[in-house]
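Right, one structure below, let's go through it.
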Amino acid sequence: MVDEQENWRKQVFNLPENHGWTAKPGNKVFVADRGALRFEIPQDWLVEPGRKSVKFRDAEPPSDTMGLEVTVFYAGYGMRIDWSSLPLSQLIKDVTSDDFNGRPDRASRRRKRRSDRLDQYKSGPPLTIKMGNLEMAWVESEFIDPGEKRPAFTRTAITRDPEASIHALLTFSYWPEDAERAKAVWNDVMGTLKMGEHYDSPFRGPGAGGAGRK
């Protein structure tokens, strides 16, 4: 087997004064691909990079109770594309049922296998949001976890910066008894999510004027 983290190397740096990075108390900032995607996540959550996605967990398995998986896609990156013919409300339906741009997400495949095996798999209607240039659509699904044999929830979101032609897929899973805590985490992630930025250096965040469009 190929180690999913073989191309990743962890380095820790001390940020200078007036670095410009800020987060809600108790949170930390995650930035993917120099600013293609960023959002806040709880300070104590674990980060697990992979070849195609990044996972976040509230504890080491098997003690984890919720987790988030994030993938960034560059569909037509650098091109001026009119995305109006592909609304996110339709795209989120395609993602949760099959794949995205012909590249199945592992979480989506797991959900599909679950729906194939289990009678109880319920999804709500997509919720769409537009904040400035940023577009979002997400849906919540309830299913019976085949391992634990009990109900669980998954929230799946597609976010898009149409100007930069960048998409992100976010999959968030949790147990019913953790619903209130999970919703607070989800609201922080989606409420702080930004796309299409570019940072030349990790030492200069948005508060230091380090972000720009690429």
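Every read-out reported here was derived from the displayed coordinates using simple, explicitly stated rules and does not represent laboratory data. Just so you know, these numbers come straight off a predicted model, no measurement behind them. Ideal geometry is used to build each Cβ from the backbone, glycine not excepted, and the neighbour counts take in all protein chains shown.
Choose one answer from 57, 155, 80: the residue with the largest mean-square fluctuation in a GNM of the chain with alpha-carbon springs under 10 Å.
Maximum fluctuation in the GNM of the chain, among the listed residues, is at 80.
Along region 137-148, what does the Karplus equation 6.51 cos²θ - 1.76 cosθ + 1.60 (θ = phi - 60°) give for ³J(HN,Hα), rounded to whole Hz, x for Gly and Pro?
Calculated HN-Hα couplings, in order: 8, 8, 9, 10, 10, 10, 8, 9, 5, x, x, 7 Hz.
Can you run phi through the Karplus equation (6.51, -1.76, 1.60; θ = phi - 60°) for region 187-197 and list ³J(HN,Hα) in whole Hz, with x for Gly and Pro?
Result, rounded to whole Hz: 5, 5, 4, 6, x, 10, 5, 10, 9, x, 8.
Using a cut-off of 20 Å between alpha-carbon atoms, which lysines can reach residue 130, once sequence neighbours fewer than 8 places away in the same chain are excluded?
Straight-line reach from residue 130, under 20 Å: 93, 183, 194.
Test of understanding: given the chain, find the longest segment containing no chymotrypsin sites (Phe, Trp or Tyr not before Pro) that are in a DSSP loop and have at most 16 other Cβ atoms within 10 Å. Numbers along the way, then the final one.
Values: sites that count: 8, 13, 74, 77, 203.
Here the longest segment lacking exposed loop sites spans 78-202.
Which far-off residues, 5 or more places away or on another chain, put their amide H under 5 Å from the one on residue 28, with H placed in the peptide plane?
41, 43
Quick one: Karplus J couplings for region 23-40, per residue in order, coefficients 6.51, -1.76, 1.60, θ = phi - 60°, nearest Hz, x for Gly and Pro?
Using θ = phi - 60°, the values come out as 8, 4, x, x, 10, 9, 9, 10, 10, 10, 6, 6, x, 4, 8, 8, 6, 9 Hz.
Return the lysines within reach of residue 10: Cα separation strictly under 21 angstrom, same-chain partners fewer than 8 residues apart disregarded; answer none if there are no such residues.
Qualifying lysines at Cα under 21 Å: 28, 52, 55.
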